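Working notes for the structure below.
The values are calculated or read from the model by the stated rules, or taken from the named source; none is laboratory data. What you see is a predicted model, and the numbers here were worked out from it, not measured in a lab. Here the Cβ is made from the backbone with ideal geometry for all residues, glycine too, and neighbour counts use every protein chain on show. Heads up: the accessible areas ignore ligands, DNA and RNA and are worked out on the full protein's heavy atoms, side chains in. Shrake-Rupley method; radii C 1.70, N 1.55, O 1.52, S 1.80 Å.
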Amino acid sequence: MDQLASDARRLATIGTFFIVAGWVFVIYALVAGVIWWIDLAQREAFNVIEALAISASAIGLPIFAAFAVAGFGYALRLFALYVAAKTQ
C-alpha cells in the first residue's frame, strides 16, 4: 500500500505539470491573439471587427488544445486523489 500511495503522489505531480503547462499555453495564446488583433486592426485592408474575427479564429484551436491539456492534468490529479483515498 505504501508503494501505491507513492505512485499516487507521483501521478499528482505529473497532473500538476499538465495543469500548469495548459494554463501557460492558454495565456500565451490569448496574448498572441491580442497582439495579432492589434497588428491586423492597424492595417488598411482590415477594420477592427474583421481583424477580431481573423485573430479569434486563428487562436481558437490552440486555446482548445491548451484547455484539453489542463483538463487532462485535472483528471490525473482527481484519479491520484481517488487512488490515495483507496489506500487508506
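Heavy-atom accessible area with a 1.4 Å probe sorts Trp23, Trp37, largest first, into Trp23, Trp37. Surface listing: Val31, Val83 arranged by accessible area from highest to lowest gives Val31, Val83, probe 1.4 Å.
For Leu30 and Arg10, what does the FRET efficiency come to when R0 = 30 Å and r is the distance between their Cβ atoms, rounded to the nearest 0.05? So the FRET efficiency works out to roughly 0.45. Note on the chain: dipole from Cβ charges, positive end direction compared against Val48, Tyr82, Ile63; the farthest Cα belongs to Tyr82. Shown is the FRET efficiency for Leu78 and Ile54, computed with R0 = 22 Å from the Cβ-Cβ distance and rounded to the nearest 0.05: 0.05.
Ligands, DNA and RNA left out, the accessible area of the chain computed with a 1.4 Å probe is 74% carbon and sulfur. The candidate values were (1) 1.31; (2) 0.97; (3) 1.12; the one computed from these coordinates for Rg/Rh (Cα atoms, Kirkwood Rh) carries the label (1). At the residue level, Asp2 shows approximately 130 square angstrom of accessible surface with a 1.4 angstrom probe and all protein chains present.
Taking only protein heavy atoms into account and a 1.4 Å probe, give the accessible area per residue of the chain in Å².
Values: 6270 Å² over 88 residues.
Dividing the accessible area of the chain by its residue count gives 71 Å².
Across Ala53, Ala65, Ala32, mean-square fluctuation computed from a Gaussian network of the chain (C-alpha pairs under 10 Å connected) peaks at Ala53.
For the chain, the longest principal axis of the Cα atoms and the long axis of helix 48-87 meet at an angle of about 0 degrees. Rounded to the nearest 10 degrees, what's the angle between the helix 2-41 long axis and the longest principal axis of the chain, both from Cα atoms, 0 to 90? Computed tilt is about 0 degrees.
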